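To start, the structure under review is shown below, and the notes come after it.
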Amino acid sequence: MNLEFSESMPVKKEVENNLHSKLLDLLVVIVNYRTPQLTIDCLHSLLPQIQDLPSAKVAVVDNNSEDDSLTLIQTAIASNNWQKWVSVIASPINGGFSYGNNLAIRPMIESNSLPKYILLLNPDTIVREKAIKILMEFMAQNSTVGIAGSRLEYLDATPEHSAFRFRTLFSEIDSGLRLGIVSKILNQWTVTFPISDENCVTDWVSGASMMIRREVFKDIGLLDEGYFMYCEEMDFCLQAKKAGWSCWYVPESRVVHFVGQSSGIDQKDNKRKRRPKYWFDSRRRYFLKNYGWFYTALTDLIWVLCYCLWKVRQFIQKKPNNDPSYLLMDFWINTVFSYPFLDK
């Protein structure tokens, strides 16, 4: 799904009226979809940081939730007198994560009023003290860094994985096979990056709290709206890397992340939930776009083979099954061999 933005949409004018043409230092974009209370809690956590950053604004994009999200968020903004720093944009459709973020960013690019930095922030987050300022200072001190991500953590301050490597054929082998000795051999290609207490360069960071330099958008454009959800931030970081921008993980910037509350996929108590089709669509699009059909076909075959070997070992060794339901079947019908329409 590659959704084009129409100039006739009233949203563009709304963004310009609310965010003005004045150049900002920071724009925070929060995309809400049926999580109004989480969004409001996130705004509460942003308040003291925005007060320290007078040249900063927040845009909340409601991705056509079709519930009471807009009313609840607008009521909270009015009752807390947040109108000076928060704008609400009502999307006419639910176009996904990239589409929602682009809805706030695109008009500012077109009017040449893009802020120095844009922070993509999930609604299911609580921003810890000075987290935003730390990212901004890091970016200001390192002019070659195009993207910087926060340390995501649980409410008890236990860190989540927030820095990652790009998906490759080798990462798919490890993902499917799950064999200790193979994982050690392929350690430098596994997607999950070791959690670090120091600033470090990485391939990509989670879009739950990802700060992007203005010039990155000028060089590579907006987020790819062909992704509905998942893989879009990985793809964006890869395009930025190709354009010469580095991506860094900055653990001093800390953000609480209520995992999976926005999507429902990664919640701890919901491991067996069947993966939605858009997860497979995003994976397939990422490989096709960046590596071509042959490489994508090879990764599909390798993953299926490795996963089948894992299922045999799981049965023999009576290991617990924590995979999503129907994972193998859903994976196969969404490979380049079985899926009737291939994203270009």
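A few points about this structure:
- Sole residue being more than 20 Å from ASN101 (Cβ to Cβ) and either assigned to a helix (DSSP H, G or I) or without any contact (Cβ under 8 Å) to a residue 12 or more places away in the chain (or both), chosen from SER196, SER175: SER175
- Within segment 178-194, being out of contact with any Ser or Thr (no Cβ under 8 Å at 6 or more places or on another chain) and surrounded by 14 or more Cβ atoms within 10 Å (Cβ to Cβ) holds for ARG178, LEU179, VAL182.
- Subset tally (residues that are assigned to a strand (DSSP E or B) and farther than 15 Å from GLN239 by Cα) for segment 199-209: 3
- Segment 276-295, residues that are closer than 15 Å to ILE333 by Cβ and either not in a loop (DSSP other than H, G, I, E, B) or not assigned by TED's automatic domain parsing to the domain that holds VAL336 (or both): LYS277, TYR278, TRP279, PHE280, ASP281, ARG283, ARG284
- From the list LYS13, LYS22, the one residue that fits, being assigned to a helix (DSSP H, G or I), modelled with pLDDT under 90 and of a type in the set (D, E, K, R), is LYS13.
- Of the residues making up segment 85-94, at least one is assigned to a loop (DSSP other than H, G, I, E, B) and buried (at least 20 other Cβ atoms within 10 Å of the Cβ).
- Matching residues, segment 242-299, being of a type in the set (Gly, Ala, Ser), closer than 25 Å to SER65 by Cα and at pLDDT 95 or above: SER282
Table: residues versus (1) within 21 Å of GLY95 (Cα to Cα); (2) surrounded by fewer than 21 Cβ atoms within 10 Å (Cβ to Cβ); (3) not β-branched (Val, Ile, Thr).
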| position | (1), (2), (3) |
| --- | --- |
| LEU27 | yes, no, yes |
| ILE30 | yes, no, no |
| TYR33 | yes, no, yes |
| LEU38 | yes, yes, yes |
| LEU43 | no, no, yes |
| PRO48 | no, yes, yes |
| PRO54 | no, yes, yes |
| SER69 | yes, no, yes |
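- Consider segment 135-169 and keep the residues that are surrounded by fewer than 19 Cβ atoms within 10 Å (Cβ to Cβ) and of a type in the set (A, V, I, L, M, F, W, C). The one that is nearest to LEU46 (Cα to Cα) is LEU155.
The values are calculated or read from the model by the stated rules, or taken from the named source; none is laboratory data. Just so you know, these numbers come straight off a predicted model, no measurement behind them. With ideal geometry, Cβ positions are generated from the backbone for all residues, glycine too; neighbour counts draw on all protein chains shown.
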